[in-house]
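Undergrad: Here it is, the structure in full.
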Amino acid sequence: MGPLTSSKKGGSNRQIRLFFIILMRKIIYLIILAITAEILPATSLHAATISVPGNYGKIQDAVDKASPGDTILVDEGSYDENVSITKPLSIKSSKGPAVTKIRALVKNDAALKISNTSDVTLSGFTATGSDVAGILLLNARNVILSGNVSKQNGSGIVLNHSSDNTLADNESNLNSNYGLYLEASSGNKLSKNAANSNNNTGIFISHSNKNHILDNNANRNR
């Protein structure tokens, strides 16, 4: 066998090896894509922003139509309704609690209720007019409440069987019962909240463990 024949054979072998290397790289890439799609929630891939009242006149209508992971942006105004959230959503006001108010239409239900779900963000609302609570977390986890005002309710903000949530920079004042109330709720972080001038205890914690309470203000409660 001459040198020319040997050279051709060597070149052919290199081409075959190169082909298999490229093929394996493509297979590995496809496997990584498949694993990523399995791990990442589908909600993060197609999250939408819904406007109230731009897309829906009521917040509850927007919540009902939203898919898990969507953001609901609420313009200023007074909304007479009870809002119930049972899926992972981000709900924010565009201009803050002073001009974005939710008044409980049904008095024996919370103005804002987050129940049987996780990964909800609620920010920038005033919740008022409920005989139960302005904001209620029931069997909720990994919820972020920030920059909300809950006043003139039965209790301001209530956590019931809800753990690993974050409450920061909220005001829970002038309620007829408790300001902040935790029942059977552990591992929550409460920081820089105000619970003042309530007709019962400002911050009440019962049957709850390992909550982090830092830099909160509770004054003039009975």
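Undergrad: What's the exposure ranking of F19, F204, going from fewest to most Cβ atoms within 10 Å?
TA: Arranged by neighbour count, lowest to highest, F19, F204 become F19, F204.
Undergrad: A 31 angstrom limit on the alpha carbon distance is what I want to check against. Which of K151/K210; K87/K192; K65/K210; K92/K210; K95/K192; K113/K192 exceed it?
TA: Values: K151/K210 27 Å; K87/K192 27 Å; K65/K210 36 Å; K92/K210 28 Å; K95/K192 20 Å; K113/K192 22 Å.
From the list (K151/K210; K87/K192; K65/K210; K92/K210; K95/K192; K113/K192), the Cα-Cα distance tops 31 Å for K65/K210.
Undergrad: Taking N as the number of residues in segment 87-156, what is its Cα Rg relative to 2.2 N^0.38 Å?
TA: Values: Rg = 11.3 Å, N = 70, 2.2 N^0.38 = 11.1 Å.
That works out to 1.02 for segment 87-156.
Undergrad: Sticking with this structure for a sec: Given the C-alpha atoms of the chain, compute the convex hull and give its volume per residue in Å³.
TA: Convex hull volume per residue, Cα atoms: 169 Å³.
Undergrad: Packing-wise, with mean Cβ within 10 Å as the measure, how do 141-148, 182-189, 171-178 rank, highest first? Before the final figure, lay out each step's value.
TA: Details: 141-148: 19.9, 182-189: 18.2, 171-178: 21.8.
Averaged packing, sorted descending, gives the order 171-178, 141-148, 182-189.
Undergrad: In addition: Around K113, which amide H atoms from residues at least 5 apart in sequence, or from another chain, sit under 5 Å from its own amide H, with H modelled in the peptide plane?
TA: Residues meeting the criterion, in which the H sits 1.01 Å from N, are V83, S84, I85, L136.
Undergrad: Taking the Cα atoms only, what angle lies between the long axis of helix 3-39 and the longest principal axis of the chain, rounded to 10 degrees?
TA: Orientation of helix 3-39: about 10 degrees from the principal axis.
Undergrad: Starting at the first residue of segment 192-206, write each ³J(HN,Hα) from the Karplus equation 6.51 cos²θ - 1.76 cosθ + 1.60 with θ = phi - 60°, in whole Hz, x for Gly and Pro.
TA: Per residue, the Karplus-derived 3J(HN,Hα) values read 6, 9, 10, 9, 10, 6, 8, 7, 9, 5, x, 10, 10, 10, 9 Hz.
No value in this document is a laboratory result; all are computed from the given coordinates. A quick note: this is a predicted structure, and the numbers were derived from the prediction, not measured. Please note: Cβ atoms are built from the backbone with ideal geometry, for glycine as well, and neighbour counts cover all protein chains shown.
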